[in-house]
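Everything on this sheet refers to the single structure shown next.
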Amino acid sequence: LTATANVLDRDALRVEVRGFLAEERGRRAWEPRCDCWLGGYDPDFSRRLGERGWIGMTFPRVYGGAEADGLARFTVVEELLAAGAPVAAHWLSDRQVGPALLRYGSEEQRREHLPPIVRGERFFAVAMSEPDTGSDLASARTRAAEVAGGWRLEGTKIWVSGAHHASHCVVLARTSPRREDRRHDGLSQFIVPLDADGVEVRPIRLLSGEHHFNEIILDGAVLDHGAVLGRVGEGWRQVTGELVYERSGPERFLSTFPLLVASVGELRRTGAAGSEAAIGALLARLWTLRQMSGDVAERLAAGEEPNLEAALVKDMGTRFEGESIEALRAVLPSGEVDPDSEDEWGRLLAEAVLHSPGFTLRGGTNEILRGIIAREIEVR
Ligand SMILES: Cc1cc2nc3c(=O)[nH]c(=O)nc-3n(C[C@H](O)[C@H](O)[C@H](O)COP(=O)(O)OP(=O)(O)OC[C@H]3O[C@@H](n4cnc5c(N)ncnc54)[C@H](O)[C@@H]3O)c2cc1C
């Protein structure tokens, strides 16, 4: 009975989200875009979602959440992504920082950060990667040294999405020297206010010229003891726990969905012959990915840690995102890729093409994920 009630609730929720999005589109509050969860920054839209209760939906009521289940969140999120809505401002706070605060944060940290996250008023970035340390995170060199009254941070982080818009960042740093035999020990997470002394955020431009990610220089920033997220030395375990959420959601196969929708419209208009098979093949893959991602969301909600399945969703989903662009270009010859294109299809195509190099890299490269998949299969 409960399962049926949940499905009905989710159907009603989907209708509500679609109504909200239609109303937003009706007044042209924003244009749909590809890769909206990283490129579509609109704090006012985030606030409007917060008013509806659609950020931090799964968080406890005491912090402003709705205590909804993971599948209700999945429903809202997939509708927002399918519409190409500008969700980037709050994306990381909703998806992983909020859950990390709930899992590892102190009561003080939760009370300080969760209510403004839920309202869509506080945006976090996440800084793990370093100039020589992306895939091999355990070799992070940013150092946090204990000093009187707290911690002093030194080091450089790179590729930090949205740090120029965020007020806070979760930083992974080494709190004790690296040991070759225990490489994953001695790492810790810190909550860093990005306006603190000794913190500098520098832009890195995408090849399209867009400012999306950043370098962060930590030059002697001093944080009090309350800035440690979770336990000192447990950073690796905490980060890898977060990555399961990061890898398996619908953002791993819907980044180019607005282009697919616009392409179908374009094909209807131009009547390109023989395109049905190509579109049908893409939709069949998309549907399979959606079932897989939904299954992972269900298992996460049940308290499981489906690492293998999450890695599969990311590997297959991000390849789908890239390959779908090529398949659509084959049936709708595009000519030049033009970010200033005046028609919607041309603009979405340019966004998809110019963002596509990052699809298989962010959140752990597909090669690394295949290593995880191989190891998990061996264990099972
Ligand atoms: C759009 C975008 C947004 C990002 N946002 C963030 C963010 O907000 N915060 C953050 O911390 N980071 C972020 N990143 C960084 C991302 O996590 C790293 O780029 C990624 O983990 C890869 O690290 P790297 O760039 O150092 O590449 P490297 O680790 O140097 O890898 C280079 C190549 O070698 C391959 N390779 C490396 N090791 C192995 C191995 N053991 N086996 C097989 N192949 C291997 C990789 O697959 C890759 O193809 C972002 C990246 C992108 C593209």
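The values are calculated or read from the model by the stated rules, or taken from the named source; none is laboratory data. Fair warning: this is a prediction, and the values are worked out from it, not measured in the lab. Neighbour counts run over all protein chains shown; Cβ positions are idealised from the backbone, glycine included.
So here's what we get for this one:
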item	result
Considering residues of the stretch 152-189 that are closer than 15 Å to L137 by Cα and without any contact (Cβ under 8 Å) to a residue 12 or more places away in the chain only, the residue farthest from the ligand (Cβ to nearest atom)	P177
Some residue of the stretch 221-236 being in contact with a strand residue (DSSP E or B) (Cβ under 8 Å, 6 or more places away or on another chain), in a strand (DSSP E or B), surrounded by fewer than 19 Cβ atoms within 10 Å (Cβ to Cβ) and not charged (D, E, K, R)	yes
Subset of the stretch 77-103 that is of a type in the set (A, V, I, L, M, F, W, C) and not in a helix (DSSP H, G or I) - its residue that is farthest from H113 (Cα to Cα)	A83
Residues satisfying the stated conditions in the stretch 334-370, i.e. of a type in the set (S, T, N, Q) and either crowded, with 20+ Cβ neighbours inside 10 Å or within 14 Å of the ligand (Cβ to nearest atom) (or both)	S356, T360, T365, N366
Test: residue in the stretch 112-132 that is within 16 Å of the ligand (Cβ to nearest atom), crowded, with 17+ Cβ neighbours inside 10 Å and at positive phi	no
Pair list, Cβ under 7 Å, 6 or more apart: the stretch 129-142 residue over 17 Å from E367 (Cα atoms) and in a loop (DSSP other than H, G, I, E, B), other residue within 8 Å of the ligand (Cβ to nearest atom) and at pLDDT below 95	A140/T133; R141/T133
Residue count for the stretch 230-284, restricted to those that are among the hydroxyl-bearing types (S, T, Y) and closer than 30 Å to G134 by Cβ	5
Within the stretch 269-279, tally of residues that are exposed (fewer than 10 other Cβ atoms within 10 Å of the Cβ) and either part of a helix (DSSP H, G or I) or in contact (Cβ under 8 Å) with a residue 24 or more places away in the chain (or both)	3
Subset tally (residues that are charged (D, E, K, R) and touching a Leu at 6+ places or on another chain (Cβ under 7 Å)) for the stretch 327-355	0
For R122: the one exception among (1) touching a His at 6+ places or on another chain (Cβ under 7 Å); (2) in contact (Cβ under 8 Å) with a residue 60 or more places away in the chain; (3) not β-branched (V, I, T)	(2)
Options Y41, Y63; residue that is under 17 Å from F123 (Cβ atoms) and more than 19 Å from the chain's Cα centre (by Cα)	Y63
